[in-house]
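Notes for the one structure printed next.
Computed from the coordinates by the stated procedures, all read-outs in this text should not be read as laboratory data. A quick note: this is a predicted structure, and the numbers were derived from the prediction, not measured. Every residue, glycine among them, receives a Cβ derived from its backbone with ideal geometry; neighbour counts consider all protein chains shown.
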Amino acid sequence: MKIWMIRLKCFAPALIWLCWICPTTAQQNKPAALPPMGWNSWNHFRDKVDDASVRAQAEAMVSSGMRDAGYTYINIDDTWEGERDAKGNIQTNSKFPDMKALADFVHNKGLKLGIYSSPGAKTCAKYEGSLGHEMQDAQTYAAWGIDYLKYDLCGLNAVMKAAPTPEAAHQIMIDAYIKMRDALRSTGRPIVYSLCQYGVDAVWEWGASVGGNLWRTTGDISDKYARMAEIGFGQAGLGRFAGPGHWNDPDMLEVGNGKLTLGENRVHFSMWAMLAAPLLAGNDLPNMSPDVKAILTNKDVIAIDQDKLGHEGTRVYSDGEVDVWTRHLVGGAMAIAVVNAGPDRVSTHPFHLDLAKLGLHGAQQSTDLWTGKDMQLTDNIPLEIPSHDILLVRLASPK
């Protein structure tokens, strides 16, 4: 690791010069220059995912308008893996008879296909992992036409626990992620590299250095409001580690799953947009309700997430059960999220927004991104926001 850092310093002037002469091109050519958008199988299907269900999701992503709204990736999570052949090449199991044909189908829909593995010998679900076969697996993924890899640490946990010191365990993890990074790069195919290791060892501080395009900052999400809120509001302070090509990942979306109310779904989707988080739907797309589809395809909220400045939002202040977040956007614009995170059926009575705390002075013209209506914000304006709901506005010209 130290040798790599020394080499990087030696080439730093050349790298700076190259970035100076072509910053736009360099950013555009990065995988995940913007937070990835798509769908992942785990939250809804878990081990029941198969070829037919993945094809159905791809078709629904197109017919629902999600593809046109910016969703790109159809990602297969754990349980697709079969055994290895005599040469050590990974095979699919009976649920996925032809991964190359599936990738071709997804690509023909104008979408991209993602897959899952682990740096351990086994995955979380005890299927075949990539330990000792990193280069082979990367070459196989590229030959199939894979565009995204979620690489889940859990299969390596036993090896890390056996390490003599925490420092040694950390180095085992770093080396494992670097090994797959190098294997993916050797294929010549642009493959988004998603580090799934639950925020272990403050991954936001080193995830980009091992090639991660995104990294999980927390443990697994669930379709319960309390868990979603714990994860979402817990991202405060991590924004400085994220940016084009490397994003904090508070886990996949649960919008449309479980018993989340429409307000809770709005909070979830709005907060992930404010956080510049990957937007990976985790519901059953062919069977989602019109209300859920409207949330997932709200182009104004998606535009906040996909803002090219790449600045993650931050909590400015809290007042009782209300959180106030801001996010700076391209062209000097600003998004403001006011969340009533209080208990069920508790109103804000009302909440008075303090514009001065946001660095704003005087009346502000804004647009409510969930109603589409223009709204004037004045200092200490009273806001009635139902429990577990959100006001999300965009200021084109804050002052």
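Yes/no matrix, rows are residues, columns are (1) touching a residue at least 60 places away in the same chain (Cβ under 8 Å); (2) on the phi > 0 side of the Ramachandran plot; (3) assigned to a loop (DSSP other than H, G, I, E, B); (4) out of contact with any strand residue (DSSP E or B) (no Cβ under 8 Å at 6 or more places or on another chain):
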{"position": "HIS352", "(1), (2), (3), (4)": "no, no, no, no"}
{"position": "SER366", "(1), (2), (3), (4)": "no, no, no, no"}
{"position": "GLY372", "(1), (2), (3), (4)": "yes, yes, yes, yes"}
{"position": "GLN376", "(1), (2), (3), (4)": "no, no, no, no"}
{"position": "ILE385", "(1), (2), (3), (4)": "yes, no, yes, no"}
{"position": "SER397", "(1), (2), (3), (4)": "yes, no, yes, no"}
Could you tell me which of the residues ASN89, ASN75, ASN43 is out of contact with any strand residue (DSSP E or B) (no Cβ under 8 Å at 6 or more places or on another chain) and buried (at least 24 other Cβ atoms within 10 Å of the Cβ)?
ASN43
In segment 364-399, residue farthest from LEU260 (Cα to Cα) [restricted to those that are of a type in the set (A, V, I, L, M) and in contact with a helix residue (DSSP H, G or I) (Cβ under 7 Å, 6 or more places away or on another chain)]:
LEU377
Pick from segment 152-198 the residues that are loosely packed, with under 15 Cβ neighbours inside 10 Å and among the polar types (S, T, N, Q): which of them is farthest from GLN136 (Cα to Cα)?
THR165
Residue check for PHE105: more than 20 Å from LEU184 (Cα to Cα) and not in a loop (DSSP other than H, G, I, E, B):
yes
Output for segment 271-302, where each listed residue is over 24 Å from ASN340 (Cβ atoms), outside any loop (DSSP other than H, G, I, E, B) and touching a residue at least 24 places away in the same chain (Cβ under 8 Å)
LEU280, ALA281, LEU285, PRO286, LYS293, LYS299
Grab the helices (runs of 4 or more DSSP H) fully contained in segment 33-73, keeping just those with 1 or more residues being of a type in the set (A, V, I, L, M) and closer than 18 Å to ASN108 by Cα.
51-63, 66-69
Please determine, by comparing only the residues of segment 194-228 that are assigned to a loop (DSSP other than H, G, I, E, B) and of a type in the set (A, V, I, L, M), which one is farthest from ALA158 (Cα to Cα).
ILE221
